[in-house]
Every structure is written in C-alpha cells, then in structure tokens.
Amino acid sequence: MTTTRIEIPANALVITLGPAGCGKSTFCEVFPGNAVVSSDVCRALITDDATNQDANKQAFELFHFWIKARLKQGRLAVADATNLTPRARKTLRDIAAEARVPVIVLRFATDLDTCLAQNRQRDRFVPEHVIRTHYEQYEIAREAIGTEGYAAIHTINPLREYEIVINGGARTLTAPGFDIIGDIHGCTLELNEMLLTLGYDISWITGVEGEGSSYVHPDGRKLVFVGDITDRGPDSVATLRMVKLALEGGHYAVMGNHDNKLMRALKGNKVKAGHGLQGTLDQIEEQCSPAEKQTFLNMLQSLPYQLSLKVEGHPDVVVSHAGIPPELVGKDNSFARNHALFGEVLGFLEDGMPDRGTSYRHGWLMGDDKPYCVHGHTVVPDPEFLFCNVFDIDQGCVFGGKLTALRVPEMTFVQVPAKATYSEK
Ligand code: MN
C-alpha cells in the first residue's frame with residue numbers, strides 16, 4: 001500500500017469532519033503529544049462518561065478553551081469532534097482567526113455501513129439513529145466546506161495509509177547533499193551570488209523563463225537556511241521572497257530569533273521593534289500587498305526550530321539557529337525552542353539581561369558517535385572550531401563580514417564577502 005503524506009504546519013488548527021464511528025479518534029493517534037483535543041475527553045472530564053450528551057454546553061466550552069490555549073502557545077491543536085454543523089466549524093474558524101493560524105480539514109470518507117459497523121465494535125457506542133443523522137449532516141458538510149475558506153482540505157480514506165508530517169516540528173531530512181546558509185539579514189545580493197556559486201538554478205531572478213521549481217540543483221542538493229532572514233540589511237522583502245521561493249521549491253529553513261519576532265509582529269502581537277525589525281516592517285508595509293504579507297506570515301509559522309540532516313555514509317548534522325545541545329536534539333518543547341532561538345543562558349549581566357556566551361557550545365557533541373551541529377546567531381570571524389564538530393556559520397555579512405555556506409557531506413565552506421557594511425554592530 002502506498003502511503004499518502006500530509007504536511008501540516010506546527011501552529012495550526014486541524015478540524016476532523018465525520019460521523020461518530022468513522023475512525024477519527026483512531027486516526028488522530030498519529031498526531032504527536034497532546035495535540036489532539038477531543039470532545040469525548042471533555043465530556044468524560046466533566047461527566048465521567050465520554051458519550052454523555054447532557055453536559056454538551058460545558059464540554060464544548062472546555063473544548064474551545066483548550067484549543068484556544070494551545071494555539072496561543074504556538075502549538076498544534078487537532079479538534080477531534082464530528083464538527084458536522086456549520087456553527088461548530090464557524091466557532092473553530094473564529095478561534096483560529098483570533099490566533100491567526102491556518103485551519104486544515106481532515107474529511108473522513110468512511111461510508112455509512114462502515115461507521116455503523118465500527119460503532120458496534122466499540123465498548124461505548126452511540127445509538128444508530130444518531131450516526132444516521134450524522135451521516136446526513138456529513139453529506140451536506142462535505143459540499144459546504146469547499147466554500148468555508150480552509151488552508152487545506154484532506155480526504156481521509158479508511159482503506160489507505162497516511163503519514164502526517166508536522167512542518168514546524170523537529171524532522172529528519174535526507175538528500176544527496178545539503179548547503180547550509182548562515183544568517184542573511186536582508187543581504188539579497190550576497191545570497192543571490194551564493195546560490196549561483198553553489199550551482200543552484202537562479203534563472204527566475206534574471207528574467208529567464210525556467211521550468212519546474214525554483215532553485216533546482218543539478219545534483220539534487222537541498223538548501224537549509226539557519227534563520228534570521230531579515231532585519232538590518234538592505235532588502236528584507238526581497239530576501240523573504242527568495243527564501244519563500246526556495247521553500248516552495250522543496251528547500252528548508254529553521255526559525256531564527258529575528259524570524260520569530262517578525263512572525264509575532266505580523267500576527268499583530270505587541271513586540272519591541274528593535275534590532276532592525278522596524279525597518280523590515282516599514283519595507284513590508286511599502287512593498288507588499290496584504291495577501292503577500294499573509295504568505296510571509298504563513299511561511300514563518302511553518303519554520304521548524306531544528307532539523308536533522310542525513311546524508312548516506314556521513315554522520316548526522318543537526319541545524320538550529322543558535323545551536324542545540326545533544327540532549328535537546330529532536331525535542332520540540334518550549335525549552336528546546338527557546339534554546340534553538342537564543343542559545344543557553346550562562347548567567348545574568350548587570351542590566352539583568354541573560355548572558356548567552358558562545359564558548360559553552362564548543363564542548364557539545366564531541367566524539368565520533370555524536371552528530372555535527374551547525375548554527376548561526378552569534379557573529380564569529382571564522383566558522384571552524386578545532387577539536388569539535390560544532391560550526392557557527394554566521395560571519396556577519398550584514399556587518400560587512402561574509403555570508404557563509406557549509407556543504408554537507410563535503411564539510412567545506414563557501415563564502416561570499418559583503419558588498420558593503422550595511423549595519424554597525
Ligand atoms: Mn542573526
């Protein structure tokens with residue numbers, strides 16, 4: 001059986017749609033951790049009975065509150081309920097709109113007989129007439145959802161196998177080779193020169209009509225950006241457009257602290273627009289339509305905090321913006337995310353701000369059995385540290401230094417010198 005792959009952003013609301021007995025809750029077991037918010041569980045928490053309809057009002061208050069709280073924390077929420085009425089779906093869409101996250105529908109294409117049969121096999125079953133009513137509602141909903149405005153609608157066929165990929169979560173990627181690119185900060189010219197030097201097809205930007213995806217490499221290599229796409233540099237909008245094209249073309253990026261702050265600003269959150277962010281927001285306001293602004297927000301929300309790269313015959317390489325110690329590799333909790341964005345807190349400075357030095361990174365991941373760690377975030381003159389497999393590829397292009405790429409599995413560096421000093425440290 002072929003497996004169908006479904007990609008879902010890490011900060012999204014997923015709505016299941018289907019009658020009782022269609023296999024929703026069993027299917028939802030593929031989602032990680034606590035992502036699944038179940039109306040049955042809400043009923044059980046209040047009445048000790050998952051099928052008790054007497055406390056529906058309170059059960060759904062809890063259901064909605066729980067979903068809101070997860071979305072607010074930047075977490076995935078899967079609304080595991082029948083969601084068959086327009087009102088039920090509208091309430092969920094409103095919650096997602098308030099949190100500014102995309103809504104994705106999983107429509108269960110299970111026929112009525114299968115729903116009835118599966119229901120009979122459960123120890124706590126729903127009356128048959130309820131399922132028949134559900135199925136009638138489902139047939140109406142199936143048509144209606146097409147015009148309700150979802151980011152995606154996936155049909156789940158009970159006879160097929162699915163793989164759910166959470167785009168913002170820690171993931172392992174395989175490719176013949178990777179080119180990991182350091183902090184860009186709006187340095188479009190240097191990025192363009194870098195992609196050309198690395199052998200990527202950039203014909204779209206020179207005005208030549210190209211076939212297929214953007215930035216194709218003849219050897220099937222993949223780009224991985226270490227984050228900090230914008231701020232301080234000359235052209236943050238053009239850089240956002242380039243990275244977006246690259247991601248659409250099957251390349252990758254991890255979330256940097258600047259990307260994270262821009263994401264929160266675009267969501268309408270109150271942020272202090274320091275460190276070049278105000279310049280980026282001004283450029284976006286001048287140059288971008290509301291629709292393009294939304295596509296940038298969608299892109300930023302889909303960025304993972306770390307990625308593990310696998311090339312056959314080579315030790316794994318883990319990429320995160322500010323580095324990640326071995327014990328947090330593959331973890332996607334708030335501590336790991338914060339660490340991936342900013343690094344470790346060594347102590348506190350006189351002004352009360354955390355002291356995030358770099359020397360501690362050198363001791364990580366030593367030994368042959370450990371993966372390589374590649375990061376940016378802290379400007380250093382040279383990417384290579386001796387006696388250790390941690391590489392800092394932020395050579396401060398925006399401050400007049402260099403843009404650096406690390407090629408995997410070759411473990412060689414390619415550098416493009418900055419064409420100007422765009423910002424003072
Ligand atoms: Mn940076």
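Amide H of THR16: which non-local residues (sequence gap of 5 or more, or other chain) have their own amide H closer than 5 Å, using H built in the peptide plane?
Result for THR16 returns ALA79, ALA81, LEU106.
How would the chain be classified by its alpha-carbon gyration tensor: rounded, prolate or oblate, with rounded meaning a/c under 1.5 and the a/b versus b/c comparison settling the rest?
Prolate, because a/c is 1.5 or more and a/b exceeds b/c.
Between GLU285 and SER203, 0.36 nm times their residue separation minus their Cα-Cα distance comes to what?
Length gained, GLU285 through SER203: 26.8 nm.
Under the classification rounded if a/c is under 1.5, otherwise prolate if a/b is larger than b/c and oblate if not, where does region 138-291 fall, given a ≥ b ≥ c as square roots of the Cα gyration tensor eigenvalues? Mind showing how you got there, number by number?
On the way: a/c = 1.84, a/b = 1.25, b/c = 1.47.
Oblate.
List the lysines whose Cα sits under 18 Å from the Cα of LYS72, skipping any in the same chain fewer than 8 residues away.
Straight-distance partners of LYS72: LYS261, LYS267, LYS270.
Relative contact order, percent, of the chain when contacts are C-alpha pairs under 8 Å separated by at least 6 residues?
Contact order relative to length: 15 percent.
So for the pair MET353, ALA44, with labels modelled 7 Å out along Cα→Cβ, what separation do we get in nm?
It works out to 4.9 nm between the two label points.
Compute the helix-to-body angle for 188-197: its Cα long axis versus the longest principal axis of the chain, expressed 0 to 90° and rounded to tens.
For 188-197 against the chain, the angle is about 90 degrees.
Please list, or write none, the lysines whose alpha carbon is within less than 22 Å of the alpha carbon of LYS222, excluding same-chain residues fewer than 8 places away.
LYS244, LYS310, LYS402
Express in nm, to one decimal, how much length is gained between GLN278 and LYS419 on full extension, taking 0.36 nm for each residue of separation and deducting their alpha carbon distance.
Result for the pair: 48.5 nm of gain on full extension.
For a Förster distance of 60 Å, can you work out the FRET efficiency between the beta-carbons of THR295 and ASP123, rounded to the nearest 0.05?
Details: r = 47 Å, r/R0 = 0.78.
In this case the efficiency is close to 0.80.
As an exercise, use a Förster radius of 41 Å and the Cβ-Cβ distance of THR147 and ASP219 to find the FRET efficiency, rounded to the nearest 0.05.
Efficiency at R0 = 41 Å is approximately 0.40.
Would you kindly derive the ³J(HN,Hα) couplings of region 218-234 from the backbone phi angles with the Karplus curve 6.51 cos²θ - 1.76 cosθ + 1.60 (θ = phi - 60°), listing them in order in whole Hz, with x for Gly and Pro?
x, 9, x, 5, 10, 8, 9, 8, 7, x, 6, 6, 10, 5, 6, x, x
Got a sec to turn the phi values of region 416-425 into Karplus ³J(HN,Hα) couplings, 6.51 cos²θ - 1.76 cosθ + 1.60 with θ = phi - 60°, whole Hz, x for Gly and Pro?
10, x, 5, 7, 6, 8, 7, 8, 9, 5
Compute the signed sum of charges (Lys and Arg +1, Asp and Glu -1) over the other residues within less than 12 Å, Cβ to Cβ, of LEU13.
That works out to +4.
Any idea what the relative contact order of region 85-186 is, in percent, if you count C-alpha pairs under 8 Å spaced at least 6 apart?
39
Taking K and R as +1 and D and E as -1, what net charge do the other residues with C-beta under 10 Å from the C-beta of ARG43 add up to? Spell out each step's value before the answer.
Values: positive: none; negative: ASP40, ASP48, ASP49, ASP54.
Residues close to ARG43 contribute a combined charge of -4.
With n ≥ 4 as the cut-off for DSSP H runs, can you work out [θ] at 222 nm for the chain, using -39500 (n - 2.57) per run divided by the number of residues, rounded to the nearest 500? Present the calculation step by step, with values, prior to reporting the outcome.
Details: 12 runs with 136 residues, N = 425.
Helix contribution divided over all residues of the chain: -10000 deg cm²/dmol.
What FRET efficiency would be calculated for the residue pair ILE140, GLU163, taking the C-beta separation as r and a Förster radius of 51 Å, to the nearest 0.05?
0.95
So, counting K/R as plus one and D/E as minus one, what does the shell of residues with Cβ under 11 Å around VAL165 add up to?
Working: positive: ARG5, ARG171; negative: GLU7, GLU163.
My count for the surroundings of VAL165 gives 0.
Per-residue HN-Hα couplings for region 333-347, Karplus 6.51 cos²θ - 1.76 cosθ + 1.60 at θ = phi - 60°, whole Hz, x for Gly and Pro?
So the Karplus estimates, Gly and Pro as x, are 8, 5, 5, 5, 5, 5, 5, 5, 7, 10, x, 8, 8, 8, x Hz.
Extending each Cα 7 Å along its Cβ direction at ASN333 and LEU196, get the distance between those two points in nm, one decimal.
About 4.8 nm, to one decimal.
Sorting check: for 11-20, 106-115, 29-38, which peptide has the highest mean count of neighbouring beta carbons within 10 Å, and how do the rest follow?
Final packing ranking: 11-20, 106-115, 29-38.
The numbers here are math on the coordinates, done by the rules we state, and not lab data. Model, not experiment: these values are computed from the prediction. Reconstructed Cβ throughout: ideal geometry from the backbone, glycine too, with neighbour counts over all protein chains shown.
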